[in-house]
Amino acid sequence: MHDVVIVGAGPVGLFLACELGLAGCSVLVLERAPEGRSPWKADPLGMRGLSAASVEAFYRRGMLDPLLTASGVDDDPGTDLDTDEPSPPRGVSHFAGMMLDPAQVDVTALPFRLPGPAMEGVMTSLEAVETVLSERASELGVEVRRGVTVSAVAQDGESVVVQAGGHEYGARWLVGCDGGRSAVRGLAGFEFVGTEPQFTGYVMLAAVADPEKLRPGFHLTPTGMYLRTPAEEYIGMLEFDGGAFDRSQRPTREHLQAVLRRVSGTDVTLTDVRLASSFTDRAMQTTTYRQGRVLLAGDSAHIHSPLGAQGLNLGLGDAVNLGWKLAATVHGHASEGLLDSYTRERLPIGAEVLDWTRAQAAAMRPDPHAQAIQGVLRDLLGTRDGTTYVFKRTSGSSNRYDLGSEHPLVGRNSPDLRLEDGTRLGDLMRDGRGVALDFSLDRSLRRSAMGWESRMRYVGGPARNDLGLGAVLVRPDGTVAWAGDRDPDRKAFEQVAGHWFGAPQI
Ligand SMILES: Cc1cc2nc3c(=O)[nH]c(=O)nc-3n(C[C@H](O)[C@H](O)[C@H](O)COP(=O)(O)OP(=O)(O)OC[C@H]3O[C@@H](n4cnc5c(N)ncnc54)[C@H](O)[C@@H]3O)c2cc1C
């Protein structure tokens, strides 16, 4: 019997498998697709924008260089890492099709930003992400079994049994990372609620007879939206049809051409459609991410439109949050309620993303009311505050878990704090343990931290830039659990360490 069976070797399942493998759990991943490669995962159809928060998750586990190499991105962080001055981001993306100017982001308004190797989002592909994660998973002893479709799930108080491809697999825990049409979600009886679609979206690789009729770039039109990248014949479009297109069908060339003509307001002609698929803005989320011994992460727990490029980032955030908690539960040293904090922390973040996509769909509707809203939004997004607000929401920097502390850093993703000798927090997190960084003069937390050595690394030393802190306790997922002043309160530190890491061993 495995400690954990994960259903789905997409990016979320693989990231979670790496986290669990790193923590010493035995992990089996069951994947329906016989092959990892597919044109849907390669550039350009598989292109995905990773947020800075997601890139940081790779950095903290020592996978940043492989990710950049696989993504064909040079490793120039675009900012001077030797300063402690925050620099503006290079990319901000769009809101409801309205492009934003990165130079407008007010970096002084971003909470606790310090330069680090993972400051920026990265344009990558599903193929690149999955290749990096598959290689790491295999190094960590994770078994990925392909060509098996999970069709039944049963659980009792001790274990879970999964049926797939005529075999039964037993595990202590099961995690469904099997995407938007998750079988695990239905089989384990999760409730899935939300809103019905307003539009059907399409992406395709197609040849156009008269390309001059379609302007390159992203265009909101009075009837919808289209997007064209000239070099690669990649076309995306949205039509506000109430989600009427029958998505069990592959869209035909005739249908795609008719939609493109309507949304572009031209008589453009598609001569050849090599690949095409559709999606909608149906926005649904499960009401919990755990039912007994079955958990969900990624698209299996939440679906929404790709507007704002957030689904993969949201799912990776789930995996990072869940991995160490599930591993502690498997090893029997989880504190009371640790596993349930996964739903408590991640469900509200997911709900915010769903609303972010709903807001964009509402603003993009081809009707006079939405067009009036677009005018207001254009004005707001043209301001420094407006651009900064969108950047905070889409980069993950506005995310904060409610951990019951009023300290403004607690519950946030930790900045990449650096010791005077150049060591960065991100470098200290590779083994998946939490980190206690103690900048106080008398290293007063050293003794307290000894009790949790196998779960938390203690590092004391003068900080390069301590942001006014005397010490911080960072969870394995990079979230600040506790922040102390220059004379840190040992008792408070021990209480928080016990809350997240269980009883001390000595
Ligand atoms: C056009 C488009 C553009 C997008 N752009 C972005 C972007 O820029 N940024 C971003 O963050 N997100 C983006 N997304 C969303 C992102 O692609 C998804 O959120 C992400 O891929 C979800 O990952 P996942 O691992 O949860 O699920 P998936 O990637 O769907 O993986 C699920 C895996 O489970 C397997 N599986 C399914 N059922 C079974 C079963 N019964 N048994 C065994 N295996 C099974 C599947 O074969 C698959 O390999 C975009 C989506 C679309 C459609």
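For a straight C-alpha distance cut-off of 19 angstrom, the aspartates and glutamates reachable from Lys491 (same-chain residues fewer than eight places away being disregarded) are Glu406, Asp438, Asp442, Glu453. Taking trypsin sites (Lys or Arg not before Pro) across region 155-250, the ones in a DSSP loop with at most 10 further Cβ atoms lying within 10 angstrom of their Cβ are Arg181.
Taking amide H as placed 1.01 Å from N in the peptide plane, the amide H of Val208 sits under 5 Å from that of Thr271, each at least 5 places away or on another chain.
Restricting attention to the chain, close to 75% of DSSP beta bridges with both partner residues there are antiparallel. Quick one: angle between helix 11-22 and the longest Cα principal axis of the chain, in degrees between 0 and 90, rounded to 10, please. Orientation of helix 11-22: about 20 degrees from the principal axis. Normalising the Debye intensity of region 330-475 to I(0), with uniform scatterers on Cα atoms only, and taking log10 at q = 0.08, 0.14, 0.16 Å⁻¹ returns -0.37, -0.86, -1.00. Cross-link partners of Lys213 among lysines, defined as those whose alpha carbon lies under 29 angstrom from its own and excluding same-chain residues fewer than eight positions apart: Lys41.
Residue-normalised convex hull volume from the C-alpha trace of region 366-429: 167 Å³ per residue.
Under the shape rule built on the C-alpha gyration tensor, where the axes satisfy a ≥ b ≥ c, region 275-383 is prolate, since a/c reaches at least 1.5 and a/b is greater than b/c. Counting only alpha carbon atoms, the long axis of helix 126-139 and the longest principal axis of the chain meet at about 30°. For region 425-501, the Cβ-based charge dipole about the Cα centre amounts to some 180 debye (Lys, Arg positive; Asp, Glu negative; other atoms uncharged). For region 200-280, relative contact order (Cα pairs under 8 Å, six or more residues apart, normalised by length) works out to 46 percent.
Against the empirical curve 2.2 N^0.38 Å, the C-alpha radius of gyration of the chain lands at a ratio of 1.00. Derived scalar couplings between HN and Hα for region 362-371 equal 5, 6, 8, 4, x, 9, x, 5, 5, 5 Hz in order, rounded to whole Hz, by the Karplus curve 6.51 cos²θ - 1.76 cosθ + 1.60 (θ = phi - 60°), x for Gly and Pro.
Taken over region 425-501, the percentage of Cα pairs per 5 Å bin, counting from 0 up to the bin with the maximum distance, is 3, 18, 33, 27, 16, 3. Rounded to 0.05, the FRET efficiency of the Glu352 and Trp40 pair, given R0 = 35 Å and the Cβ-Cβ distance, is 0.80.
When you restrict to C-alpha pairs under 8 Å that are six or more residues apart and normalise by the size of the chain, the relative contact order lands at 17 percent.
The GluC sites (Glu not before Pro) found in region 185-288 that occupy coil by DSSP, while having at most 11 further C-beta atoms within 10 Å, are Glu191. Our analysis of region 200-280 gives Rg over Rh at 0.91, with the two radii drawn from alpha carbon positions and Rh computed by the Kirkwood formula. Each label point was placed 7 Å from the Cα along the Cα-to-Cβ direction; for Arg447 and Ser277 their separation is 5.9 nm.
Remark: the Cα gyration tensor places region 129-212 in the oblate category, a/c being 1.5 or greater and a/b not exceeding b/c.
Around the amide H of Leu214, modelled in the peptide plane, lies no amide H under 5 Å away from a residue 5 or more places distant or on another chain. Using only Cα atoms, tell me the angle between helix 384-395 and the longest principal axis of the chain; keep it within 0 to 90° and round to the nearest 10. Approximately 70 degrees, to the nearest 10. Loop-located chymotrypsin sites (Phe, Trp or Tyr not before Pro) in region 16-71 (DSSP state not H, G, I, E or B) with no more than 15 neighbouring Cβ atoms inside 10 Å: Trp40.
Every helix of 4 or more DSSP H residues in the chain counts as -39500 (n - 2.57), and over all residues that averages to -9000 deg cm²/dmol at 222 nm.
Amide H contacts for Trp482 (H built 1.01 Å from N in the peptide plane; partners 5 or more residues away or on another chain; cut-off under 5 Å): Leu473. The Cα atoms of region 72-171 define a convex hull whose projected area, averaged across directions, is 12.0 nm².
Among beta bridges identified by DSSP and lying wholly in region 1-127, the antiparallel ones come to about 60 percent.
Every number in this text was worked out from the coordinates using simple rules, so none of it is lab data. Quick caveat, the model's predicted, so the values are computed rather than measured. All Cβ positions, glycine included, derive from the backbone under ideal geometry; neighbour counts span all protein chains shown.
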